[in-house]
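One structure below.
The values are calculated or read from the model by the stated rules, or taken from the named source; none is laboratory data. Treat the numbers as computed from the prediction; the structure is a model and nothing was measured. Counting neighbours? That spans all protein chains shown, and the Cβs are built from the backbone with ideal geometry, glycine included.
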Amino acid sequence: MILLTVYCLLIVGASLFGGFVTSLIRLTHRRMQHMTAGIGGLMLGVGVWHQIPHALATVSGPGAINWCMGWMLAGLLLTFAMLRLGHVHIHAEPENEAPDGNDAKPSDCSHDHDHDHAASGRAVSWFGIFLGLSLHTLLDGVALAAHVQADSLHHAGEVTWLMGLGTFVGIFLHKPLDSLSITGLMVARGCSARWRHLINGGYSLMCPLGAMLFHWGVQQFSKSQAEFVSAGLAMSGGVFICIAMSDLLPEVDFSSRGRIARAFTVLLGVAAAWAIGLLEPEQAHEAAARPEAHKHEYHNHKHAQGHKY
């Protein structure tokens, strides 16, 4: 729990920093492209090499693969729906979108009745992004808590600072971009600095809230702890893969000059996820390699008399 608290505090700090970036510096398009490419590759690697294998390592028995893949698909579809229906994200600081003239009030973020449809869309876009990102940041908190809990099960409760490292790094690097998406649009809309900081502060607390909810759920359903943790990890794997493939990487421009460098940055992100796996405790890899080690027998009653997966 101490390690999870430290992780959450660091993520809150990263999220707050991302929101303050719009007040401190102006990120260039080139830098944003490389950041998005690298983080997209990292989150893809974490989902494939860390979260889903750890989910499978937590349960065994007939139906275990279907159990994990079902939850992975649920996380992927839920995140895809939020990304598409909630119009998330815009991982770039809006340009040339400041209100024209001096008639826009700094504190007015949504009630400027402009007849321009694009401006009207921007009037509500920051709030839609805030809601969408808040929901999937709750899932990030669930992912982090599930990964730490799974590693804890593999270590029989022994605490190590490397537990859940891959998931933590992916979330830690991703949160500043999320906050930048929200506050960047709020700046374009003419929202006051106080209002931006308030929204950014509330958003930064979503990940700890998700972790808390998962931790509470584990305590409430302690008899089914392994299944609970496995479902959380598998679902988180779907969330990470969807964020990478449907949100971050599609925003990387591979058609213009510099596409080779950006593609290389994506590969660096994937390689970083693989390298993080080398830092994880050896017991976690042994648990994944040995079906009988640290696993809970999961029985799918529909397939109990059938073949094993």
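Observations, loosely collected:
- Segment 242-268, subset of a type in the set (D, E, K, R) and under 22 Å from the mean Cα position of the chain (by Cα), residue nearest to LEU139 (Cα to Cα): ASP247
- Among the residues of segment 56-93, those identified as under 20 Å from LEU185 (Cβ atoms), modelled with pLDDT of 75 or more and of a type in the set (A, V, I, L, M) are MET82, LEU83.
- Selection within segment 227-238 - in contact (Cβ under 8 Å) with a residue 12 or more places away in the chain and more than 22 Å from LEU267 (Cβ to Cβ): GLU227, VAL229, SER230, ALA231, GLY232, LEU233, ALA234, MET235, SER236, GLY238
- Each residue in segment 151-171 was checked for being surrounded by 21 or more Cβ atoms within 10 Å (Cβ to Cβ), assigned to a helix (DSSP H, G or I) and modelled with pLDDT of 80 or more, and 6 pass.
- Residue among LEU144, LEU213 that alone is more than 20 Å from ILE276 (Cα to Cα) and modelled with pLDDT of 85 or more: LEU213
- Count of segment 220-250 residues which are surrounded by fewer than 16 Cβ atoms within 10 Å (Cβ to Cβ) and modelled with pLDDT under 85: 5
- Filtered residues of segment 218-238 (kept if touching a helix residue (DSSP H, G or I) at 6+ places or on another chain (Cβ under 6 Å) and more than 16 Å from LEU56 (Cα to Cα)): VAL218, PHE221
- Among the residues of segment 183-219, those that are surrounded by fewer than 21 Cβ atoms within 10 Å (Cβ to Cβ), more than 23 Å from VAL6 (Cα to Cα) and not small (Gly, Ala, Ser) comprise VAL187, ARG194, TRP195.
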